[in-house]
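A short worksheet on the structure shown next.
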Amino acid sequence: MATLTISSKNYSSWSLRGWLLCKMAGLAFHEERVPVDDPDAKAELLLLSPSFLVPRLVHQDVTVWDTLAIALFLNEVFPDAGILPTDRAVRAHCLSISCEMHSGFANLRSALPMNIKAYYPGFKVWAGAQADIDRILAIWRGCFIAHGGPYLMGATPTLADVMYAPVCSRFTTYNVPLDAACAAYRDRIMAWPLMQGWIFDAREEPEELEELGAEF
């Protein structure tokens, strides 16, 4: 059986993405948790440095880490899972917005860290993070126009929805105002059965890293 190494289900957006990809692929896997007091895991969760420890997938004789690498690997092994669209132009769009999330939006990440258990109504979003939010909403609206919804690339979830799923969680936690179409998409992702499975586990997770919530 494959092994997926992750860290906190409440706080780690990259772990969520790797886990969703494995579930989408239909891969049978064992979860291996890195303790949150591990120095590298703690650095990742506190946004102090990038961490390549999680997510990490071991499948047969292959070890692959980094969310995009895992996505591309699983798309090769499970081509019928729908991780990437089959149409070349749609696939290019999917990869473009996925890579933009992978490499960007640093202000959003630091100002609105993932915290599934928390809820902060009336949270003040400063200009840097708001610019990231505005760009994300423009991406979503462009996808709805280009592909018709209800997911970013059309009728079914793809890598793009996995990459933006933690953003939907953040928008929920911090009560970020959204237009009707974007709010409906956020709610759809949060209600996605795979996402609900992760959320259930996150809410049951012991609070082991109090420092993450210290500023809120």
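None of the figures in this text is laboratory data; all of them are computed from the coordinates on show. Since this is a predicted model, take the numbers as computed values, not measurements. Note that we place each Cβ from the backbone using ideal geometry, even for glycine, and neighbour counts take in every protein chain shown.
Observations
- Whole-Hz ³J(HN,Hα) from phi, Karplus 6.51 cos²θ - 1.76 cosθ + 1.60, for the stretch 8-15, glycine and proline x: 5, 6, 7, 10, 8, 5, 6, 4
- Along the axis of the charge dipole computed for the chain (Cβ charges of +1 for Lys and Arg, -1 for Asp and Glu, origin at the Cα centre), the listed residues 8, 206, 106 are led at the positive end by 106.
- Each residue of the stretch 65-73 is assigned a 3J(HN,Hα), and the resulting list reads 10, 6, 4, 5, 5, 4, 4, 5, 5 Hz, derived from the Karplus form 6.51 cos²θ - 1.76 cosθ + 1.60 (θ = phi - 60°), x at Gly and Pro.
- Taking the helices alone, the chain has a mean residue ellipticity at 222 nm of -16500 deg cm²/dmol, built from -39,500 (n - 2.57) per DSSP H run of at least 4 residues and averaged over all its residues.
- Options [x] 16.5, 49; [y] 17.7, 55; [z] 16.8, 54 - which one matches Rg and Dmax of the Cα atoms in Å as calculated here: [x]
- Footprinting exposure proxy for 96, 8 (fewest neighbouring C-beta atoms within 10 Å first): 96, 8
- Exposure proxy ranking for 77, 54, 90, 62, based on other Cβ atoms within 10 angstrom of each Cβ and starting from the fewest, stands as 62, 77, 90, 54.
- Listed values for the stretch 151-164 are Karplus-derived 3J(HN,Hα) couplings in whole Hz (6.51 cos²θ - 1.76 cosθ + 1.60, θ = phi - 60°), namely 9, 5, 9, x, 6, 10, x, 9, 3, 4, 5, 5, 5, 9, and x replaces Gly and Pro.
- Length-normalised contact order for the stretch 55-150 - Cα pairs under 8 Å, 6+ apart - percent: 15 percent
- Between residue 92 and residue 80, the distance separating the two model label sites (each 7 Å from Cα on the Cα→Cβ line) works out to 2.9 nm.
- Pairwise centroid distance, computed over Cα atoms, of the stretch 131-190 with the stretch 62-96, Å: 19 Å
- Across the chain, Cα pairs under 8 Å and at least six residues apart give a relative contact order of 24 percent.
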